[in-house]
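Colleague: Submitted below is the structure of interest, expressed as structure tokens.
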Amino acid sequence: MLEWLTHTPYAEWVNQSWGWPLALTVHAFGTATVVGVMFIIGLRVVGLFGPIPYAAMNKLMPFVWIAVACQIMSGITLWMTKPAQYLADGMFEVKFILLLIAIVVTWQFHRSMAREAAAWQVKGRASPRGRKLAIAACLLWAAVTIGGRLTAYLGSLYPI
Ligand code: HEM
């Protein structure tokens, strides 16, 4: 199965053309957007950037989800070129589990902010649950990023 994936016309095109650098570039911009926008929102929810209304953060959330979609598409493209290698060192699995948890926690956070932003504004601070979810989402996306870099690094150390 993994061998078949590696030899699909798409994976061979990625391996033999601009496909790889293109996918890695999209992946880098996606990482910057997911982590960058999530940290701006997270820092606002824990109390920084006071004048900016909480409701404004809801307008930034679609950028996080669009970037996650780009990461999944560019990530699968990178992964398809050498799936056996990425599965060999185990780091990719750790990253993938963190990624699934990060998506669930970010979804929970998004739902609570969409529901409660107006009440947070009146109170002048986010609810304890909102703050905890924001901090957890930021830490999880940072962990996914570290997992991604280690996937690339270990992949280059132990090519098979
Ligand atoms: C928002 C989610 C994601 C983030 C923040 C992320 C982050 C990263 C980072 C920082 C790197 C290292 C790039 C480099 O410096 O060379 C990386 C590499 C990689 N990512 Fe992701 N990633 C995400 C999602 C995914 C997904 C969903 C997949 C696959 C299904 C994936 C597959 C890979 C692969 C295969 C590499 C290694 C590329 C190489 O060997 O150089 N990533 N990722």
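Colleague: Pairs needed: first member in segment 115-144, under 18 Å from MET38 (Cβ atoms) and in contact (Cβ under 8 Å) with a residue 40 or more places away in the chain; second member anywhere, open to solvent by 50 Å² or more (accessible area, probe 1.4 Å) and assigned to a helix (DSSP H, G or I); C-beta distance under 7 Å; at least 6 residues apart or different chains.
Modeller: If the second residue must be open to solvent by 50 Å² or more (accessible area, probe 1.4 Å) and assigned to a helix (DSSP H, G or I), the pairs left are ALA117/ALA55; CYS138/PHE39; LEU140/ILE101.
Colleague: Continuing with the same structure: Out of all the residues in segment 80-93, is one or more without any contact (Cβ under 8 Å) to a residue 24 or more places away in the chain and more than 16 Å from the chain's Cα centre (by Cα)?
Modeller: The initial filter retains those residues of segment 80-93 that are without any contact (Cβ under 8 Å) to a residue 24 or more places away in the chain, namely 90, 93.
Still in the running and more than 16 Å from the chain's Cα centre (by Cα): 90.
Checked segment 80-93: at least one residue is without any contact (Cβ under 8 Å) to a residue 24 or more places away in the chain and more than 16 Å from the chain's Cα centre (by Cα).
Colleague: Within the set of pairs 6+ apart or on separate chains, which have a first residue in segment 94-108 that is of a type in the set (Lys, Arg), a second that is within 12 Å of the ligand (Cβ to nearest atom), and C-beta atoms under 8 Å apart?
Modeller: LYS95/VAL144; LYS95/GLY147; LYS95/GLY148; LYS95/LEU150; LYS95/THR151
Colleague: State the number of residues belonging to segment 110-147 that are within 16 Å of the ligand (Cβ to nearest atom) and open to solvent by 20 Å² or more (accessible area, probe 1.4 Å).
Modeller: 8
Colleague: Is it the case that segment 98-109 has a residue that's away from the ligand (no atom under 16 Å from the Cβ), farther than 30 Å from MET1 by Cβ and either open to solvent by less than 10 Å² (accessible area, probe 1.4 Å) or out of contact with any strand residue (DSSP E or B) (no Cβ under 9 Å at 6 or more places or on another chain) (or both)?
Modeller: Narrowing segment 98-109 to residues away from the ligand (no atom under 16 Å from the Cβ): 108.
Pick out the ones that are also farther than 30 Å from MET1 by Cβ and you get 108.
Next, only the ones that are either open to solvent by less than 10 Å² (accessible area, probe 1.4 Å) or out of contact with any strand residue (DSSP E or B) (no Cβ under 9 Å at 6 or more places or on another chain) (or both) stay: 108.
Yes, there is a match, as at least one residue in segment 98-109 is away from the ligand (no atom under 16 Å from the Cβ), farther than 30 Å from MET1 by Cβ and either open to solvent by less than 10 Å² (accessible area, probe 1.4 Å) or out of contact with any strand residue (DSSP E or B) (no Cβ under 9 Å at 6 or more places or on another chain) (or both).
Residue-wise test of (1) out of contact with any His (no Cβ under 7 Å at 6 or more places or on another chain); (2) acidic (Asp, Glu); (3) open to solvent by less than 30 Å² (accessible area, probe 1.4 Å).
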site	(1), (2), (3)
TYR10	yes, no, no
VAL14	yes, no, yes
PRO21	yes, no, no
PHE39	yes, no, no
ARG44	yes, no, yes
VAL68	yes, no, yes
GLY75	no, no, yes
PRO83	yes, no, yes
ALA88	yes, no, no
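Colleague: Among the numbered conditions (1) surrounded by fewer than 17 Cβ atoms within 10 Å (Cβ to Cβ); (2) more than 16 Å from the ligand (Cβ to nearest atom), tell me where PRO62 comes up short.
Modeller: Result: PRO62 passes all but (2).
Colleague: Within segment 113-120, does at least one residue satisfy the condition of being under 25 Å from TRP20 (Cβ atoms) and not aliphatic (A, V, I, L, M)?
Modeller: Residues of segment 113-120 that are under 25 Å from TRP20 (Cβ atoms), as a first pass: none.
No, there is no match, as no residue in segment 113-120 is under 25 Å from TRP20 (Cβ atoms) and not aliphatic (A, V, I, L, M).
Colleague: If a residue has to be over 25 Å from VAL144 (Cβ atoms) and part of a helix (DSSP H, G or I) to count, how many in segment 1-38 make the cut?
Modeller: 6
The values are calculated or read from the model by the stated rules, or taken from the named source; none is laboratory data. Only a predicted model underlies this, so the values are computations on that prediction, with no experimental measurement involved. As a convention, Cβ positions derive from the backbone with ideal geometry for all residues, glycine included, and neighbour counts pool all protein chains shown. For accessibility, only protein heavy atoms count, side chains too; no ligands or nucleic acids. Shrake-Rupley method; radii C 1.70, N 1.55, O 1.52, S 1.80 Å.
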